[in-house]
1. Which of the residues spanning the range 227-254 are of a type in the set (Lys, Arg) and in contact with a strand residue (DSSP E or B) (Cβ under 9 Å, 6 or more places away or on another chain)?
2. Answer yes or no as to whether Ala111 is outside any loop (DSSP other than H, G, I, E, B) and surrounded by fewer than 24 Cβ atoms within 10 Å (Cβ to Cβ).
3. Looking at the range 174-197, which of its residues are under 14 Å from the mean Cα position of the chain (by Cα) and closer than 17 Å to Cys249 by Cα?
4. Residues to consider are Ala65, Ala87; find the one that is touching a Phe, Trp or Tyr at 6+ places or on another chain (Cβ under 9 Å), closer than 20 Å to Glu140 by Cα and buried (at least 24 other Cβ atoms within 10 Å of the Cβ).
5. Is it fair to say Asp201 is surrounded by fewer than 20 Cβ atoms within 10 Å (Cβ to Cβ) and either closer than 14 Å to Thr4 by Cα or acidic (Asp, Glu) (or both)?
6. Farther than 17 Å from Gly92 by Cβ and out of contact with any Leu (no Cβ under 8 Å at 6 or more places or on another chain): does that describe Pro217?
7. What single numbered condition from (1) within 16 Å of His5 (Cβ to Cβ); (2) free of Cβ contacts under 8 Å to residues at least 24 places away in the same chain; (3) not β-branched (Val, Ile, Thr) fails to hold for Gly167?
8. Report every pair of residues separated by at least 6 positions or lying on different chains whose Cβ atoms are under 9 Å apart, first residue within the range 34-51 and under 17 Å from Ala68 (Cβ atoms), second of a type in the set (Lys, Arg).
Amino acid sequence: MIDTHTHLNEPRFVEDLFVVRDRARDAGIERLIVVGYTLATSREALRVAKQTGDGAAVGIHPHDAAEATPEALETIRDLASSPPVVAIGETGLDFHYDHSPRETQIDRFRAHIRLAKACGLPLIMHCREAYEELYTVLVEEDAREAGGVVHCFWGTAEDARLIVDLGFYLGVGGGVTFPKSEELRQTLLTVPRNRILLETDCPYMAPLPYRGKRNEPAYLPYVAERLAQLYDAPVEKVVEETKENAFRCFPRLQRL
């Protein structure tokens with residue numbers, strides 16, 4: 001399995017990082033991506049990825065959009081030249097919390113897209129209550145050229161269709177296992193399976209039966225199993241399909 005979105009660069013993993021990674025290997029996690037969300041955590045993502053032999057993503061989250069100055073983005077560009085870096089992100093839009101002004105979020109999201117295209121890397125995108133605006137920016141910036149994933153997807157069937165039609169993938173995590181996520185599950189049934197990626201978003205969004213606890217990559221099989229139930233397909237088939245999807249989305253990941 002490939003866990004396409006982890007935050008093993010979080011302080012909550014400092015004490016037992018290698019134990020967590022060993023548990024993930026025992027659970028069948030072949031590769032994972034450690035995702036940055038500020039300049040500091042992007043550097044840490046790269047450091048952790050080098051230690052564990054995994055991929056990294058470097059970028060600045062919309063919550064911290066003001067931090068994404070031209071100077072900071074130039075540093076992100078420099079980090080992106082390191083072989084473990086497989087994507088630019090986590091970037092995107094969050095109109096739920098509005099920790100950063102919306103205009104600033106949109107401006108810095110555009111800057112990340114241009115950076116991804118310049119670096120020849122895909123995007124890892126966060127989107128909450130801003131799918132219409134996200135889609136508009138992706139079209140206007142011709143982001144299809146970069147490609148990438150909207151992680152932790154939780155939009156409508158129409159949101160999914162528009163994103164997939166642009167050539168992007170959808171990341172599915174622990175939320176798909178929650179009892180009250182039936183709408184999400186029905187939406188996922190409308191999405192071609194060759195556009196689905198597995199993720200944990202650890203330490204957040206732990207799947208059942210670990211909901212409310214620290215999430216970790218070793219719990220990814222619970223996501224795969226729930227998708228297999230949804231598709232009425234063997235879990236081995238879902239694992240193989242999503243692995244192939246991950247390698248198509250993140251070409252550098254396969255070379256690690």
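Laboratory data are not the source of any read-out in this text; all were calculated from the coordinates shown. This is a predicted model, so every value here is computed, not measured. A quick note on method: Cβ atoms are made from the backbone with ideal geometry, for glycine too, and the neighbour counts reach across all protein chains shown.
1. Here is the first cut: in the range 227-254, the residues of a type in the set (Lys, Arg) are 237, 243, 248, 252.
The answer is Lys243, Arg248, Arg252.
2. Values: outside any loop (DSSP other than H, G, I, E, B): yes; surrounded by fewer than 24 Cβ atoms within 10 Å (Cβ to Cβ): yes.
Here the answer is yes, as Ala111 does meet what is asked.
3. Selection gives Arg195, Ile196, Leu197.
4. Numbers: Ala87 fails: closer than 20 Å to Glu140 by Cα.
Exactly one residue qualifies, and that residue is Ala65.
5. Working: surrounded by fewer than 20 Cβ atoms within 10 Å (Cβ to Cβ): no; either closer than 14 Å to Thr4 by Cα or acidic (Asp, Glu) (or both): yes.
Judged against the criteria, Asp201 is not a match.
6. On the way: farther than 17 Å from Gly92 by Cβ: yes; out of contact with any Leu (no Cβ under 8 Å at 6 or more places or on another chain): no.
Judged against the criteria, Pro217 is not a match.
7. (1) is the only condition that Gly167 fails.
8. Close Cβ pairs (under 9 Å, with a partner that is of a type in the set (Lys, Arg)) amount to Gly36/Arg43.
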